[in-house]
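To keep things clear, I will list the structure first and then write my remarks on it.
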Amino acid sequence: MRQLQLPLKDNPYTIHIGENLLNDETLLSSFCIGGNVLIVSNNVVAPLYIDKLNEKLGDKTVHQLIIRDGEVNKSQSSYFKILDYLIGNNFRRNDTLVALGGGVIGDLAGFAAASYQRGMNLVQLPTSLLAQVDSSVGGKTAINHPQGKNMIGAFYQPKAVVIDTLTLKSLPEREYLSGIGEIIKYALLGEKDILSILENNFESLMARDSKVLEALIYFSCRKKAQVVANDEKEQGERALLNLGHTFGHALETLTNYSYYLHGEAVAIGMLMALKLSVHKGLISADIENRYFQLIASFNLPVSVIPSFDTNEFLAVMAKDKKNQSKAYRLVLVNDSGCIIQEETDEALLTSVIESFNA
Ligand SMILES: NC(=O)c1ccc[n+]([C@@H]2O[C@H](COP(=O)([O-])OP(=O)(O)OC[C@H]3O[C@@H](n4cnc5c(N)ncnc54)[C@H](O)[C@@H]3O)[C@@H](O)[C@H]2O)c1
Ligand SMILES: [Zn+2]
(Lines give C-alpha, C1' and ligand atoms only; values in the text may rest on other atoms or scores of the structure.)
(Ligands and ions follow the chains in the order given, each with its own letter.)
Protein backbone atom coordinates (compact mmCIF):
# COMPACT_ATOMS: atom_id res chain seq x y z
CA MET A 1 0.00 0.00 0.00
CA ARG A 2 1.14 3.56 -0.70
CA GLN A 3 0.09 6.59 1.26
CA LEU A 4 0.05 10.21 0.35
CA GLN A 5 -0.57 13.24 2.52
CA LEU A 6 -2.72 16.13 1.41
CA PRO A 7 -1.17 18.77 3.65
CA LEU A 8 -4.03 21.26 3.82
CA LYS A 9 -3.79 23.81 6.60
CA ASP A 10 -7.18 23.14 8.16
CA ASN A 11 -7.98 19.62 7.01
CA PRO A 12 -4.90 17.52 6.32
CA TYR A 13 -5.72 13.96 5.31
CA THR A 14 -4.24 10.84 3.79
CA ILE A 15 -4.91 9.10 0.51
CA HIS A 16 -4.39 5.33 0.78
CA ILE A 17 -3.75 3.43 -2.44
CA GLY A 18 -3.42 -0.34 -2.73
CA GLU A 19 -4.79 -3.71 -3.66
CA ASN A 20 -7.78 -5.02 -1.72
CA LEU A 21 -8.06 -2.09 0.69
CA LEU A 22 -11.83 -2.62 0.87
CA ASN A 23 -10.91 -5.68 2.92
CA ASP A 24 -8.74 -3.76 5.35
CA GLU A 25 -10.90 -3.65 8.42
CA THR A 26 -8.42 -1.76 10.59
CA LEU A 27 -7.86 0.94 8.01
CA LEU A 28 -11.55 1.44 7.22
CA SER A 29 -12.75 1.49 10.79
CA SER A 30 -10.13 4.05 11.75
CA PHE A 31 -11.85 6.66 9.57
CA CYS A 32 -15.44 5.56 9.92
CA ILE A 33 -15.96 7.23 13.25
CA GLY A 34 -19.22 7.61 15.18
CA GLY A 35 -21.72 4.85 15.85
CA ASN A 36 -23.54 5.20 12.51
CA VAL A 37 -22.18 4.85 9.01
CA LEU A 38 -24.17 5.56 5.86
CA ILE A 39 -22.74 4.07 2.69
CA VAL A 40 -24.01 5.90 -0.38
CA SER A 41 -23.51 3.99 -3.62
CA ASN A 42 -25.31 3.24 -6.89
CA ASN A 43 -27.12 0.25 -8.34
CA VAL A 44 -24.09 -0.79 -10.43
CA VAL A 45 -21.33 -0.53 -7.82
CA ALA A 46 -23.29 -1.56 -4.72
CA PRO A 47 -24.00 -5.16 -5.78
CA LEU A 48 -20.27 -5.63 -6.43
CA TYR A 49 -18.74 -4.17 -3.28
CA ILE A 50 -21.19 -3.01 -0.65
CA ASP A 51 -21.58 -6.31 1.22
CA LYS A 52 -17.84 -6.71 1.54
CA LEU A 53 -17.55 -3.21 2.90
CA ASN A 54 -20.47 -3.71 5.24
CA GLU A 55 -18.76 -6.73 6.80
CA LYS A 56 -15.61 -4.77 7.50
CA LEU A 57 -17.50 -2.19 9.53
CA GLY A 58 -18.92 -4.81 11.85
CA ASP A 59 -18.80 -2.78 15.04
CA LYS A 60 -20.92 0.07 13.62
CA THR A 61 -24.54 0.38 12.67
CA VAL A 62 -24.16 0.41 8.91
CA HIS A 63 -26.88 1.90 6.70
CA GLN A 64 -27.02 1.82 2.91
CA LEU A 65 -28.57 4.18 0.41
CA ILE A 66 -28.50 3.24 -3.26
CA ILE A 67 -28.88 5.94 -5.89
CA ARG A 68 -29.62 5.09 -9.53
CA ASP A 69 -26.57 5.03 -11.77
CA GLY A 70 -25.76 7.96 -14.05
CA GLU A 71 -24.85 11.63 -14.23
CA VAL A 72 -28.56 12.63 -14.38
CA ASN A 73 -28.82 11.42 -10.79
CA LYS A 74 -26.22 13.89 -9.52
CA SER A 75 -29.36 15.84 -8.88
CA GLN A 76 -31.27 17.81 -6.30
CA SER A 77 -33.65 14.91 -5.74
CA SER A 78 -30.81 12.45 -5.00
CA TYR A 79 -29.21 15.04 -2.75
CA PHE A 80 -32.38 15.44 -0.71
CA LYS A 81 -32.84 11.67 -0.60
CA ILE A 82 -29.50 11.47 1.25
CA LEU A 83 -30.34 14.36 3.56
CA ASP A 84 -33.80 12.91 4.29
CA TYR A 85 -32.16 9.62 5.20
CA LEU A 86 -29.61 11.24 7.49
CA ILE A 87 -32.25 13.34 9.24
CA GLY A 88 -34.74 10.47 9.43
CA ASN A 89 -32.17 8.24 11.09
CA ASN A 90 -30.82 10.81 13.52
CA PHE A 91 -27.31 10.93 12.14
CA ARG A 92 -24.93 13.23 13.94
CA ARG A 93 -22.08 15.30 12.57
CA ASN A 94 -19.50 12.89 13.88
CA ASP A 95 -21.15 9.89 12.27
CA THR A 96 -19.72 8.93 8.90
CA LEU A 97 -20.90 9.11 5.33
CA VAL A 98 -19.01 6.82 2.95
CA ALA A 99 -19.10 7.55 -0.79
CA LEU A 100 -18.64 4.25 -2.63
CA GLY A 101 -18.62 4.71 -6.40
CA GLY A 102 -17.38 6.82 -9.27
CA GLY A 103 -17.22 10.59 -9.47
CA VAL A 104 -20.99 10.97 -9.57
CA ILE A 105 -21.43 9.32 -6.18
CA GLY A 106 -18.32 11.06 -4.80
CA ASP A 107 -19.56 14.52 -5.81
CA LEU A 108 -23.16 13.91 -4.72
CA ALA A 109 -22.48 12.20 -1.40
CA GLY A 110 -19.60 14.60 -0.76
CA PHE A 111 -21.93 17.58 -1.11
CA ALA A 112 -24.53 15.94 1.15
CA ALA A 113 -21.81 15.41 3.77
CA ALA A 114 -20.62 19.00 3.36
CA SER A 115 -24.04 20.42 4.06
CA TYR A 116 -25.55 17.99 6.57
CA GLN A 117 -25.42 19.82 9.90
CA ARG A 118 -22.80 22.08 8.27
CA GLY A 119 -20.46 19.20 7.63
CA MET A 120 -20.28 15.58 8.73
CA ASN A 121 -17.46 13.07 8.64
CA LEU A 122 -16.83 11.91 5.07
CA VAL A 123 -14.77 9.07 3.63
CA GLN A 124 -14.26 8.73 -0.11
CA LEU A 125 -13.98 5.21 -1.54
CA PRO A 126 -13.66 5.92 -5.28
CA THR A 127 -14.18 2.95 -7.60
CA SER A 128 -13.72 4.38 -11.11
CA LEU A 129 -10.28 5.29 -12.42
CA LEU A 130 -11.38 8.88 -12.98
CA ALA A 131 -12.60 9.17 -9.42
CA GLN A 132 -9.42 7.58 -8.07
CA VAL A 133 -7.05 9.99 -9.81
CA ASP A 134 -9.17 13.09 -9.92
CA SER A 135 -12.60 13.67 -8.40
CA SER A 136 -12.05 12.06 -4.98
CA VAL A 137 -8.95 14.15 -4.33
CA GLY A 138 -9.13 17.86 -3.64
CA GLY A 139 -12.48 18.38 -1.98
CA LYS A 140 -14.66 19.67 -4.79
CA THR A 141 -18.20 18.40 -4.32
CA ALA A 142 -21.32 19.30 -6.28
CA ILE A 143 -24.66 18.42 -7.77
CA ASN A 144 -26.04 19.56 -11.11
CA HIS A 145 -28.79 22.09 -11.75
CA PRO A 146 -31.04 21.74 -14.83
CA GLN A 147 -29.31 24.86 -16.14
CA GLY A 148 -25.75 23.78 -15.57
CA LYS A 149 -23.36 21.09 -14.41
CA ASN A 150 -21.87 21.31 -10.91
CA MET A 151 -23.76 24.55 -10.25
CA ILE A 152 -24.45 23.80 -6.57
CA GLY A 153 -21.58 22.63 -4.45
CA ALA A 154 -18.89 23.19 -1.89
CA PHE A 155 -15.23 22.67 -1.19
CA TYR A 156 -15.31 19.95 1.43
CA GLN A 157 -12.43 17.69 2.35
CA PRO A 158 -12.93 14.07 3.40
CA LYS A 159 -11.35 12.47 6.47
CA ALA A 160 -9.57 10.05 4.14
CA VAL A 161 -9.57 8.70 0.60
CA VAL A 162 -9.21 4.93 0.30
CA ILE A 163 -8.42 3.67 -3.20
CA ASP A 164 -8.70 -0.06 -3.80
CA THR A 165 -7.06 -0.84 -7.14
CA LEU A 166 -8.92 -4.17 -7.37
CA THR A 167 -12.23 -2.37 -7.88
CA LEU A 168 -10.94 -1.32 -11.30
CA LYS A 169 -11.23 -4.92 -12.48
CA SER A 170 -14.98 -4.54 -12.87
CA LEU A 171 -14.93 -1.13 -14.54
CA PRO A 172 -16.17 -1.16 -18.17
CA GLU A 173 -13.29 -0.83 -20.65
CA ARG A 174 -14.41 2.50 -22.07
CA GLU A 175 -14.68 4.04 -18.58
CA TYR A 176 -11.25 2.69 -17.73
CA LEU A 177 -9.62 4.18 -20.82
CA SER A 178 -11.41 7.47 -20.21
CA GLY A 179 -9.68 7.51 -16.80
CA ILE A 180 -6.35 6.96 -18.57
CA GLY A 181 -7.16 10.13 -20.56
CA GLU A 182 -7.29 12.12 -17.34
CA ILE A 183 -4.00 10.51 -16.21
CA ILE A 184 -2.28 11.58 -19.45
CA LYS A 185 -3.09 15.13 -18.37
CA TYR A 186 -0.81 14.74 -15.33
CA ALA A 187 2.00 13.55 -17.59
CA LEU A 188 1.54 16.68 -19.68
CA LEU A 189 1.60 18.79 -16.54
CA GLY A 190 5.21 17.66 -16.16
CA GLU A 191 5.03 14.32 -14.30
CA LYS A 192 7.78 12.34 -16.00
CA ASP A 193 7.12 9.20 -13.90
CA ILE A 194 3.60 9.04 -15.26
CA LEU A 195 4.69 9.43 -18.86
CA SER A 196 7.22 6.67 -18.42
CA ILE A 197 4.72 4.26 -16.81
CA LEU A 198 2.16 4.93 -19.55
CA GLU A 199 4.65 4.48 -22.37
CA ASN A 200 6.34 1.38 -20.99
CA ASN A 201 3.57 -0.68 -19.44
CA PHE A 202 0.86 -0.87 -22.06
CA GLU A 203 0.19 -4.60 -21.68
CA SER A 204 0.08 -4.52 -17.88
CA LEU A 205 -2.17 -1.50 -17.93
CA MET A 206 -4.58 -3.13 -20.34
CA ALA A 207 -4.62 -6.15 -18.00
CA ARG A 208 -5.24 -3.73 -15.08
CA ASP A 209 -2.25 -4.98 -13.18
CA SER A 210 -2.65 -3.79 -9.61
CA LYS A 211 0.99 -2.97 -8.98
CA VAL A 212 1.36 -0.80 -12.08
CA LEU A 213 -1.96 0.88 -11.37
CA GLU A 214 -0.97 1.53 -7.79
CA ALA A 215 2.10 3.44 -8.97
CA LEU A 216 0.21 5.30 -11.68
CA ILE A 217 -2.59 6.32 -9.31
CA TYR A 218 -0.05 7.32 -6.68
CA PHE A 219 1.85 9.67 -8.99
CA SER A 220 -1.42 11.11 -10.34
CA CYS A 221 -2.81 11.80 -6.88
CA ARG A 222 0.55 13.20 -5.81
CA LYS A 223 0.41 15.75 -8.61
CA LYS A 224 -3.19 16.66 -7.89
CA ALA A 225 -2.49 16.88 -4.15
CA GLN A 226 0.48 19.14 -4.75
CA VAL A 227 -1.53 21.55 -6.87
CA VAL A 228 -4.49 21.51 -4.48
CA ALA A 229 -2.25 22.05 -1.46
CA ASN A 230 -0.88 25.21 -3.07
CA ASP A 231 -4.26 26.50 -4.17
CA GLU A 232 -7.16 24.76 -2.47
CA LYS A 233 -9.89 27.15 -3.65
CA GLU A 234 -8.70 27.57 -7.25
CA GLN A 235 -7.47 31.12 -7.11
CA GLY A 236 -4.45 30.42 -9.28
CA GLU A 237 -2.35 27.31 -9.85
CA ARG A 238 -5.27 24.87 -9.55
CA ALA A 239 -6.52 26.24 -12.88
CA LEU A 240 -3.64 24.35 -14.54
CA LEU A 241 -5.63 21.17 -13.91
CA ASN A 242 -8.00 22.47 -16.57
CA LEU A 243 -5.48 21.54 -19.25
CA GLY A 244 -7.48 20.18 -22.21
CA HIS A 245 -10.71 20.92 -20.37
CA THR A 246 -11.75 24.20 -21.98
CA PHE A 247 -11.70 22.48 -25.37
CA GLY A 248 -13.01 19.24 -23.87
CA HIS A 249 -15.97 20.88 -22.15
CA ALA A 250 -16.92 22.63 -25.39
CA LEU A 251 -16.99 19.23 -27.09
CA GLU A 252 -19.06 17.71 -24.29
CA THR A 253 -21.51 20.62 -24.46
CA LEU A 254 -21.83 20.51 -28.25
CA THR A 255 -22.59 16.79 -28.09
CA ASN A 256 -25.01 17.16 -25.17
CA TYR A 257 -22.79 15.18 -22.81
CA SER A 258 -23.97 12.04 -24.53
CA TYR A 259 -21.34 11.23 -27.13
CA TYR A 260 -18.00 11.45 -25.35
CA LEU A 261 -16.99 10.25 -21.91
CA HIS A 262 -15.24 13.00 -20.03
CA GLY A 263 -11.70 11.59 -20.41
CA GLU A 264 -12.29 11.09 -24.14
CA ALA A 265 -13.28 14.73 -24.63
CA VAL A 266 -10.28 15.78 -22.54
CA ALA A 267 -7.99 13.63 -24.73
CA ILE A 268 -9.04 15.58 -27.82
CA GLY A 269 -8.85 18.81 -25.78
CA MET A 270 -5.26 18.05 -24.82
CA LEU A 271 -4.36 17.45 -28.46
CA MET A 272 -5.90 20.81 -29.34
CA ALA A 273 -3.87 22.49 -26.57
CA LEU A 274 -0.73 20.73 -27.81
CA LYS A 275 -1.29 21.81 -31.41
CA LEU A 276 -1.88 25.39 -30.35
CA SER A 277 1.27 25.25 -28.22
CA VAL A 278 3.29 24.06 -31.24
CA HIS A 279 1.89 26.91 -33.36
CA LYS A 280 2.91 29.37 -30.68
CA GLY A 281 6.45 27.98 -30.55
CA LEU A 282 6.13 26.76 -26.96
CA ILE A 283 6.98 23.12 -27.75
CA SER A 284 8.27 21.19 -30.73
CA ALA A 285 6.04 19.08 -32.97
CA ASP A 286 7.87 16.00 -31.59
CA ILE A 287 6.17 16.46 -28.25
CA GLU A 288 2.77 16.83 -29.85
CA ASN A 289 3.46 13.70 -31.82
CA ARG A 290 4.55 11.73 -28.77
CA TYR A 291 1.28 12.49 -26.98
CA PHE A 292 -0.74 11.85 -30.12
CA GLN A 293 0.76 8.33 -30.24
CA LEU A 294 0.15 7.79 -26.52
CA ILE A 295 -3.46 8.92 -26.68
CA ALA A 296 -4.15 6.86 -29.80
CA SER A 297 -2.48 3.79 -28.26
CA PHE A 298 -5.06 3.75 -25.48
CA ASN A 299 -7.82 3.89 -28.03
CA LEU A 300 -8.82 7.39 -27.03
CA PRO A 301 -10.22 9.63 -29.79
CA VAL A 302 -7.81 11.85 -31.74
CA SER A 303 -10.32 13.64 -33.96
CA VAL A 304 -13.90 14.76 -33.56
CA ILE A 305 -16.78 12.68 -34.83
CA PRO A 306 -19.52 13.84 -35.43
CA SER A 307 -18.33 16.91 -37.25
CA PHE A 308 -19.03 20.27 -35.70
CA ASP A 309 -19.33 23.93 -36.54
CA THR A 310 -16.12 25.66 -35.45
CA ASN A 311 -17.92 28.95 -34.78
CA GLU A 312 -20.30 27.21 -32.43
CA PHE A 313 -17.34 25.53 -30.76
CA LEU A 314 -15.69 28.92 -30.19
CA ALA A 315 -18.96 30.40 -28.96
CA VAL A 316 -19.27 27.69 -26.30
CA MET A 317 -15.65 28.23 -25.26
CA ALA A 318 -16.19 31.97 -25.11
CA LYS A 319 -19.18 31.62 -22.84
CA ASP A 320 -17.10 30.74 -19.80
CA LYS A 321 -13.53 31.32 -20.82
CA LYS A 322 -13.42 34.73 -22.44
CA ASN A 323 -12.64 37.62 -20.19
CA GLN A 324 -13.36 41.32 -20.69
CA SER A 325 -10.32 41.81 -22.88
CA LYS A 326 -11.84 39.29 -25.32
CA ALA A 327 -9.07 36.77 -24.72
CA TYR A 328 -9.59 33.07 -24.21
CA ARG A 329 -7.93 31.86 -21.05
CA LEU A 330 -6.27 28.58 -21.93
CA VAL A 331 -3.79 26.17 -20.43
CA LEU A 332 -0.97 25.58 -22.90
CA VAL A 333 2.02 23.26 -22.81
CA ASN A 334 5.65 24.33 -22.64
CA ASP A 335 8.91 22.50 -22.09
CA SER A 336 8.71 22.53 -18.33
CA GLY A 337 5.00 21.75 -17.92
CA CYS A 338 2.08 24.05 -18.50
CA ILE A 339 1.20 27.71 -18.43
CA ILE A 340 -1.97 29.74 -18.47
CA GLN A 341 -2.18 32.05 -21.45
CA GLU A 342 -4.61 34.65 -22.69
CA GLU A 343 -5.20 33.80 -26.34
CA THR A 344 -6.40 36.66 -28.51
CA ASP A 345 -5.65 35.23 -31.96
CA GLU A 346 -9.07 33.92 -32.92
CA ALA A 347 -7.98 33.00 -36.44
CA LEU A 348 -5.24 30.73 -35.10
CA LEU A 349 -7.60 29.18 -32.59
CA THR A 350 -10.14 28.57 -35.35
CA SER A 351 -7.64 26.82 -37.59
CA VAL A 352 -6.37 24.62 -34.76
CA ILE A 353 -9.88 23.56 -33.73
CA GLU A 354 -10.97 23.10 -37.34
CA SER A 355 -8.09 20.70 -37.97
CA PHE A 356 -9.75 18.20 -35.59
CA ASN A 357 -13.00 18.21 -37.51
CA ALA A 358 -13.51 14.76 -39.00
N1 LIG B 1 -14.96 16.80 -7.77
C2 LIG B 1 -14.06 16.88 -8.72
O3 LIG B 1 -12.99 17.45 -8.54
C4 LIG B 1 -14.35 16.23 -10.02
C5 LIG B 1 -13.32 16.09 -10.96
C6 LIG B 1 -13.60 15.41 -12.14
C7 LIG B 1 -14.88 14.91 -12.36
N8 LIG B 1 -15.85 15.09 -11.43
C9 LIG B 1 -17.21 14.53 -11.64
O10 LIG B 1 -17.10 13.13 -11.68
C11 LIG B 1 -18.17 12.61 -12.46
C12 LIG B 1 -17.63 11.58 -13.41
O13 LIG B 1 -17.04 10.54 -12.68
P14 LIG B 1 -16.93 9.07 -13.27
O15 LIG B 1 -16.27 9.14 -14.60
O16 LIG B 1 -16.37 8.21 -12.22
O17 LIG B 1 -18.46 8.71 -13.60
P18 LIG B 1 -19.49 7.75 -12.84
O19 LIG B 1 -19.50 7.95 -11.41
O20 LIG B 1 -20.78 7.88 -13.59
O21 LIG B 1 -18.87 6.31 -13.13
C22 LIG B 1 -18.79 5.85 -14.46
C23 LIG B 1 -19.54 4.51 -14.63
O24 LIG B 1 -18.77 3.47 -14.06
C25 LIG B 1 -19.53 2.75 -13.09
N26 LIG B 1 -18.58 2.28 -12.09
C27 LIG B 1 -17.86 3.02 -11.22
N28 LIG B 1 -17.00 2.23 -10.56
C29 LIG B 1 -17.19 0.97 -11.03
C30 LIG B 1 -16.58 -0.28 -10.76
N31 LIG B 1 -15.57 -0.39 -9.91
N32 LIG B 1 -17.04 -1.36 -11.42
C33 LIG B 1 -18.04 -1.25 -12.34
N34 LIG B 1 -18.62 -0.10 -12.66
C35 LIG B 1 -18.20 0.99 -12.01
C36 LIG B 1 -20.54 3.75 -12.60
O37 LIG B 1 -21.65 3.12 -12.02
C38 LIG B 1 -20.89 4.47 -13.92
O39 LIG B 1 -21.79 3.70 -14.67
C40 LIG B 1 -18.82 13.79 -13.13
O41 LIG B 1 -20.02 14.08 -12.49
C42 LIG B 1 -17.83 14.92 -12.93
O43 LIG B 1 -18.45 16.18 -12.85
C44 LIG B 1 -15.61 15.73 -10.27
ZN1 LIG C 1 -11.39 16.18 -15.97
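The values are calculated or read from the model by the stated rules, or taken from the named source; none is laboratory data. Quick caveat: nothing in here was measured; it's all calculated off a predicted structure. Glycine also receives a Cβ, built like all others from the backbone with ideal geometry; neighbour counts cover every protein chain displayed.
Taking each residue of region 165-185 that is closer than 16 Å to ASP69 by Cβ and small (Gly, Ala, Ser) and looking for partners that are within 16 Å of ligand 2 (Cβ to nearest atom) and in a helix (DSSP H, G or I) with beta-carbon atoms closer than 6 Å, six or more apart or interchain, yields SER178/GLY263; SER178/GLU264.
Of the residues that make up region 84-94, is at least one aliphatic (A, V, I, L, M) and within 16 Å of ligand 1 (Cβ to nearest atom)? Looking through region 84-94, none of the residues is aliphatic (A, V, I, L, M) and within 16 Å of ligand 1 (Cβ to nearest atom).
Within region 253-291, the residues that satisfy the criterion of being within 24 Å of GLU342 (Cα to Cα) and at pLDDT below 95 are THR253, LEU254. For region 104-143, the set of residues classified as of a type in the set (Lys, Arg) and either surrounded by 23 or more Cβ atoms within 10 Å (Cβ to Cβ) or within 12 Å of the chain's Cα centre (by Cα) (or both) consists of LYS140 only.
Give region 324-342 a look and list any residue that's in contact with a helix residue (DSSP H, G or I) (Cβ under 6 Å, 6 or more places away or on another chain) and either not in a strand (DSSP E or B) or not aliphatic (A, V, I, L, M) (or both), or say none. Those that are in contact with a helix residue (DSSP H, G or I) (Cβ under 6 Å, 6 or more places away or on another chain) and either not in a strand (DSSP E or B) or not aliphatic (A, V, I, L, M) (or both): TYR328, ARG329, CYS338. Taken over region 235-257, the criterion of being part of a loop (DSSP other than H, G, I, E, B) and more than 14 Å from ligand 2 (Cβ to nearest atom) is satisfied by GLN235, GLY236, THR255, ASN256. Within region 248-273, residues that are farther than 19 Å from LEU330 by Cα reach partners that are away from ligand 2 (no atom under 14 Å from the Cβ) with beta carbons closer than 7 Å, at six or more positions or on different chains, in the pairs LEU261/ARG174.
When region 168-202 is filtered for residues that are of a type in the set (S, T, N, Q), more than 16 Å from ligand 1 (Cβ to nearest atom) and surrounded by fewer than 17 Cβ atoms within 10 Å (Cβ to Cβ), the ones remaining, listed by number, are SER196, ASN200. Test LEU294 against the criterion of being modelled with pLDDT of 95 or more, surrounded by 15 or more Cβ atoms within 10 Å (Cβ to Cβ) and either part of a loop (DSSP other than H, G, I, E, B) or in the same structural domain as SER136 (by TED's automatic domain parsing) (or both), and give yes or no. Spelling it out, it is not the case that LEU294 is modelled with pLDDT of 95 or more, surrounded by 15 or more Cβ atoms within 10 Å (Cβ to Cβ) and either part of a loop (DSSP other than H, G, I, E, B) or in the same structural domain as SER136 (by TED's automatic domain parsing) (or both).
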